[in-house]
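Q: The structure follows.
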Amino acid sequence: MARVSQEHLDARRRQILDGAARCFARNGFHATSMQDILSEAELSAGAVYRYFRGKDELIAAIANEAFAGIRGAFEDAARTTPPPLPDVLLGRVLRKLLQEQVRGEDRQAFARLVVQVWTETLRNERLATTLGEGYGGMRLAWAKLVDAYRDNGLMAADVPADHVARTLIATAQGFILQQALFGDVDVDVLEDGLRGLMSMSAPDVS
């Protein structure tokens, strides 16, 4: 029997995950069956179950990939001198997540998938653990970025780095929720809004 290359295995796994993500985004997590995913990915049951035992493993893998991509973007930014400011960085990350990787007509559906994943954590302990670990990793990555801001003289040191990290993560989550609820929300709006807030300065009361 011919040996299957790692490249082939990775490509098949990618094919399955992409098909599952399209199904979940289009039809919802609970309304999607494994047969729907088999049809979307154009693969046999044996080919899919070789990689994933069911929908829970698929959604956990999709969530892990999303967290890894976002965390990687933050870590790369922290190594840049000077690091990109929050409006630029959040815009870059959200464009990659919601625009570059998703067809235009599917963006709202994909954002709804993200919200479904958040909701699913309330009943699925394994998924809750996956998201909890991903959230913790993002907080650490953002905290390192805050340190880089301070090292470059871009941010004062009077607020804990983790507080800044959680606030910026909440901003990204809120934007994804707006996209899920209301549809065509342009990332430019978020960038402009953040840029405006960042331009504020405390009045001189002396």
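The values are calculated or read from the model by the stated rules, or taken from the named source; none is laboratory data. What you see is a predicted model; the values in this text were computed from it and never measured. Cβ atoms come from the backbone with ideal geometry, glycine included; neighbour counts cover every protein chain shown. Side chains included, ligands, DNA and RNA excluded: accessible areas come from the protein's heavy atoms. Shrake-Rupley method; radii C 1.70, N 1.55, O 1.52, S 1.80 Å.
Q: If I filter segment 118-132 down to residues being touching a helix residue (DSSP H, G or I) at 6+ places or on another chain (Cβ under 8 Å) and either under 16 Å from residue 69 (Cα atoms) or of a type in the set (D, E, K, R) (or both), which single residue comes out as surrounded by the fewest Cβ atoms within 10 Å (Cβ to Cβ)?
A: This residue is 126.
Q: Sticking with this structure for a sec: Go through segment 133-170 and report how many residues are open to solvent by 40 Å² or more (accessible area, probe 1.4 Å) and among the hydroxyl-bearing types (Ser, Thr, Tyr).
A: Number satisfying all stated conditions: 2.
Q: Let me ask something else. Kindly provide the set of residues from segment 7-53 that are open to solvent by less than 70 Å² (accessible area, probe 1.4 Å), part of a loop (DSSP other than H, G, I, E, B), over 15 Å from residue 114 (Cα atoms) and not hydroxyl-bearing (Ser, Thr, Tyr), ordered by number.
A: 43, 52
Q: Conditions first: (1) among the charged types (D, E, K, R); (2) free of Cβ contacts under 8 Å to residues at least 40 places away in the same chain; (3) open to solvent by less than 60 Å² (accessible area, probe 1.4 Å); (4) within 22 Å of residue 135 (Cα to Cα). Residue 96 passes all but one, so which condition is the exception?
A: (3)
Q: With modelled with pLDDT of 85 or more and either under 19 Å from the mean Cα position of the chain (by Cα) or not charged (D, E, K, R) (or both) as the only criterion, which of 141, 111, 161 stands out?
A: The conditions single out 161.
Q: Taking only pairs six or more apart or across chains, which ones have beta-carbon atoms under 7 Å, a first residue in segment 36-61 that is on the phi < 0 side of the Ramachandran plot and of a type in the set (Gly, Ala, Ser), and a second residue that is in a helix (DSSP H, G or I) and open to solvent by less than 10 Å² (accessible area, probe 1.4 Å)?
A: Every condition considered, the pairs that remain are 41/16; 41/19; 41/48; 60/127; 61/17.
Q: In addition: Collect the residues in segment 62-84 that are closer than 26 Å to residue 29 by Cα, without any contact (Cβ under 8 Å) to a residue 60 or more places away in the chain and either of a type in the set (D, E, K, R) or open to solvent by less than 20 Å² (accessible area, probe 1.4 Å) (or both), keeping them in residue-number order.
A: Once the filter is applied, which keeps residues that are closer than 26 Å to residue 29 by Cα, without any contact (Cβ under 8 Å) to a residue 60 or more places away in the chain and either of a type in the set (D, E, K, R) or open to solvent by less than 20 Å² (accessible area, probe 1.4 Å) (or both), segment 62-84 yields only 65.
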